[in-house]
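Okay, structure first, notes after.
The values are calculated or read from the model by the stated rules, or taken from the named source; none is laboratory data. Quick caveat: nothing in here was measured; it's all calculated off a predicted structure. Cβ placement follows ideal geometry from the backbone for every residue including glycine, while neighbour counts extend to all protein chains displayed. Protein only, heavy atoms only, side chains kept; ligands, DNA and RNA dropped before computing areas. Shrake-Rupley method; radii C 1.70, N 1.55, O 1.52, S 1.80 Å.
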Amino acid sequence: MDLNAPDRTLRIGGRPLPVVGPARMYVCGITPYDATHLGHARTFVWADVAARVLRHAGAEVRVCRNVTDVDDVLDQAAHRAGSPYDSFAAVQQFYFERDLEVLGVHAVDLQPRAHTHVSEVVALAQGLLAAGLAYVRDGAVLFRGGDVPQRAGLDAGRAHDLLAEYGDAPDDPGKEDPFDVAVWRPSRSGEPAWPSPWSAGRPGWHAECAAMAMTAFGPALDLHAGGADLRFPHHAYEAAMAEALTGVRPFSRAWLHVGMVCRDGVKMAKSTGNLVLVSDLVQDHPAAAVRFMLLTEPWAREWDYTPGALDRAAADLERLHLAAGRGNSSTAAEAAVERALLDDLDVRTALGVAEEEGGRTARLAMRILALG
Ligand SMILES: [Zn+2]
């Protein structure tokens, strides 16, 4: 090891994330009920870039990306398709993985599925109950989350609205505090159900991810990635439950909350019917151009997709390829590419240097970012 080597610590959100030994990275995965659209793809491509930059800097990175296959929306979609939820989810999962592979997203090390981690959620609920951090009400186990909104920097009104929007029922009169959320809840008729000490029921969504992440990595993570819309309530409660259970804080040392993808200013979502599917775009464009396009705007910002964006990305990528074919470049430029990527994954600066310098520098940037 060269002890005089430059600092190769990744900074995320302005803070250094030094790692000694394997980096534990958890990516909040999909609910497999629909085709992969650009909103999903952007999150998973940026998470992939974070893992690749860490690896390039010399870290061993272990990536766990879960599959939320116990979920209301998935149940409803499976029901409409006339399939059992688990086989429906498995088919959707296949297409999702195919799309991510096409986009150059490296295979993950661990891919837990929620329905195989029900006993871990039961253990989480039991641990929280034993510590007095949860209570039983009508077959549900509710986590005492009264301080979670404040810790997430949200006022009560905003927190209430977001909990309602994400199905956490803040107005449920059975709750001691509107900000308590279900670790376990009884299943309605026709929903998947598992036995538990409290009811034939199913895990709460936030508890699922807490249980899967702790099963994969123990009480804490180095980097937790996911779409920015999952910041609250999902990730705030996932972290709060894990911290309450283990006493280890913070649950994750850093977060990669990737900004939403919009189309004409409206968030890309199935419910708004404005989806752009990866599988459609790669019909007539190189997959690397789609990947390039997803990296054009910094990860923390929202990005508005326009139909011309992909043609522009394809042209920019072509210029980068041409630059890569030029003669040798300077080691200073290569170092500048590495420095930019370690500085909050500043892909835009790295690619700017790469295109200007060309040669080995461009090839280095393309290799790290998997834009070959
Ligand atoms: Zn999650």
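Of the set (1) in a helix (DSSP H, G or I); (2) touching a Phe, Trp or Tyr at 6+ places or on another chain (Cβ under 9 Å), all apply to Arg363 but (2). Among the conditions (1) open to solvent by less than 30 Å² (accessible area, probe 1.4 Å); (2) touching a residue at least 24 places away in the same chain (Cβ under 8 Å); (3) under 22 Å from the mean Cα position of the chain (by Cα), the only one that Asp304 does not satisfy is (1).
Just to be sure before I move on: is Val181 β-branched (Val, Ile, Thr), over 30 Å from His285 (Cα atoms), free of Cβ contacts under 8 Å to residues at least 60 places away in the same chain and surrounded by 14 or more Cβ atoms within 10 Å (Cβ to Cβ) in the structure I sent? Answer is yes for this residue. Considering Val49, Val70, the condition of being of a type in the set (A, V, I, L, M, F, W, C) and part of a helix (DSSP H, G or I) is satisfied by Val49 alone. Based on this model, can you work out whether Gly127 counts as crowded, with 20+ Cβ neighbours inside 10 Å and more than 28 Å from Arg11 (Cα to Cα)? Criteria not met by Gly127.
The residues in region 228-264 that are β-branched (Val, Ile, Thr) and within 16 Å of the ligand (Cβ to nearest atom) can be counted, and the count is 1. Do we find that Ala193 is surrounded by 24 or more Cβ atoms within 10 Å (Cβ to Cβ) and hydrophobic (A, V, I, L, M, F, W, C) in this structure? No, not satisfied. Specify the residue that is farthest from the ligand (Cβ to nearest atom); the eligible residues are those in region 23-37 that are more than 10 Å from the chain's Cα centre (by Cα) and at pLDDT below 95. The residue in question is Ala35.
Selection of region 163-183 for residues being of a type outside the set (Gly, Ala, Ser) and either assigned to a helix (DSSP H, G or I) or within 23 Å of the chain's Cα centre (by Cα) (or both) yields Leu163, Glu165, Tyr166, Asp168, Val181, Val183. Per the listing Ala335, Ala309, Ala314, the residue uniquely open to solvent by less than 70 Å² (accessible area, probe 1.4 Å), in a helix (DSSP H, G or I), of a type in the set (Gly, Ala, Ser) and touching a residue at least 40 places away in the same chain (Cβ under 8 Å) is Ala335. Could you please find all residues in region 184-204 being in a loop (DSSP other than H, G, I, E, B) and farther than 16 Å from Val73 by Cα? Within region 184-204, Pro195, Ser196, Pro197, Trp198, Ser199, Ala200 meet the criteria.
Within region 40-71, can you find the residues that are over 18 Å from Asp222 (Cα atoms) and either out of contact with any helix residue (DSSP H, G or I) (no Cβ under 9 Å at 6 or more places or on another chain) or within 14 Å of the ligand (Cβ to nearest atom) (or both)?
Going through region 40-71, the residues over 18 Å from Asp222 (Cα atoms) turn out to be 40-42, 45, 67-71.
Within region 40-71, His40, Val67, Thr68, Asp69, Val70, Asp71 qualify.
Quick check: anything in region 135-155 among the aromatic types (Phe, Trp, Tyr), surrounded by 13 or more Cβ atoms within 10 Å (Cβ to Cβ), part of a loop (DSSP other than H, G, I, E, B) and modelled with pLDDT of 95 or more? For region 135-155, residues among the aromatic types (Phe, Trp, Tyr), surrounded by 13 or more Cβ atoms within 10 Å (Cβ to Cβ), part of a loop (DSSP other than H, G, I, E, B) and modelled with pLDDT of 95 or more: absent.
Restricting Arg367, Arg291 to residues that are within 25 Å of the chain's Cα centre (by Cα) and touching a residue at least 60 places away in the same chain (Cβ under 8 Å) narrows the list to Arg291.
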